[in-house]
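**Student:** Here it is, the structure, as structure tokens.
We did not get these values from a lab; they are worked out from the coordinates using the rules stated. From a predicted model like this one, the values you see are computed outputs, not experimental measurements. Every residue, glycine as well, gets a Cβ built from its backbone with ideal geometry; the counts of neighbours run over all protein chains shown.
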């Protein structure tokens, strides 16, 4: 009889192959914009933006996922540019799955040119790119195999009978992106962004061959915000991701109620739906330049037989920093010498 942990290993490996075909994703995609498109880099009305998002998924099955992402951005205005700006940023991603801790670590450096189509910044166009260093791998020492069952129990001293060319794989990655944002006023704006990811189609394999390639991915993200009353906004968003044979569509609608408009203090509640996968409940809170949110996925796919409709929990924080301009005293003539 095969040990139970060997059966769990099958689930781990299946999850690993699936993760090769698809990137990490978040239900609250607005909390991780730089993972959608480098065209979002620096597209905000301040000097700096920092953020982090965490997702815990499928805790009731053997291949639970934990995903973490954080980013930092700056919007700068070189002296040689009359009105346009440059956005720069760094992104760190990490996810882990299963007993063998299969997962990935990613570092991206972003650069984005922000063209002000109107001098008042009400219409902006961007063109950006990122360069990344990525690593995927698993912990071979945490895996067990059928050959290590001695007839009575698991024996770590026995050979596994398996061989891997590598347990860690490094690769470089390149993405391009663009965005357009039209702001009519503080509570009325439209944004669209496109991302073109994995342009080099890097090879990811642990067997020393070129059979597994990270598929090219295209993302489209739409966002529309408008006021429907003196204290209430409606937010409509959608994310469409196309990668290989996988298609992911996440429409989202929320209501934002202002507790204090002057201080941008507001609460948010809404719903998402990841097609053929999960319904998502979302809550949010903002205060001045702080934005936060949390969500919970309710699995509605055939996989709910294993998850008991328990999907994933997410939480994110974003904070925008605006540096006050330094005071420069105007030159005045000294009255003594007048």
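**Student:** Once both labels are modelled 7 Å past Cα along the beta-carbon direction, what's the residue 240-residue 117 spacing in nm?
**Tutor:** Simple spin-label model gives 1.9 nm for this pair.
**Student:** Nearest 0.05, what FRET efficiency do residue 82 and residue 168 give at R0 = 56 Å with Cβ-Cβ as r?
**Tutor:** Working: r = 48 Å, r/R0 = 0.85.
Given R0 = 56 Å and the Cβ-Cβ separation, E is 0.70.
**Student:** Right, another one. Just subtract the alpha-carbon distance of residue 287 and residue 189 from 0.36 nm times their residue separation and send over the number in nm, one decimal.
**Tutor:** Numbers: separation 98, 0.36 × 98 = 35.28 nm, distance 1.91 nm.
Contour length minus the Cα-Cα distance gives 33.4 nm.
**Student:** I'd like the distance between the alpha-carbon centres of the range 215-237 and the range 262-296, rounded to an integer number of Å.
**Tutor:** Answer, in whole Å: 12.
**Student:** If you count, for each residue, the other Cβ atoms within 10 Å and average over each peptide, how do 176-187, 262-273 line up from highest to lowest? Let's see the in-between values first.
**Tutor:** On the way: 176-187: 17.2, 262-273: 15.2.
Averaged packing, sorted descending, gives the order 176-187, 262-273.
**Student:** Let me ask you something else. Stretched out fully, how many nm does the piece from residue 46 to residue 261 gain, at 0.36 nm a residue minus the Cα gap? Kindly include the intermediate steps, with their values, before the conclusion.
**Tutor:** Details: separation 215, 0.36 × 215 = 77.40 nm, distance 1.84 nm.
Between residue 46 and residue 261, full extension yields 75.6 nm more.
**Student:** With a point put 7 Å past each Cα toward its Cβ, work out how far residue 298 is from residue 276 in nm, to one decimal.
**Tutor:** Those two pseudo-labels are separated by 2.2 nm.
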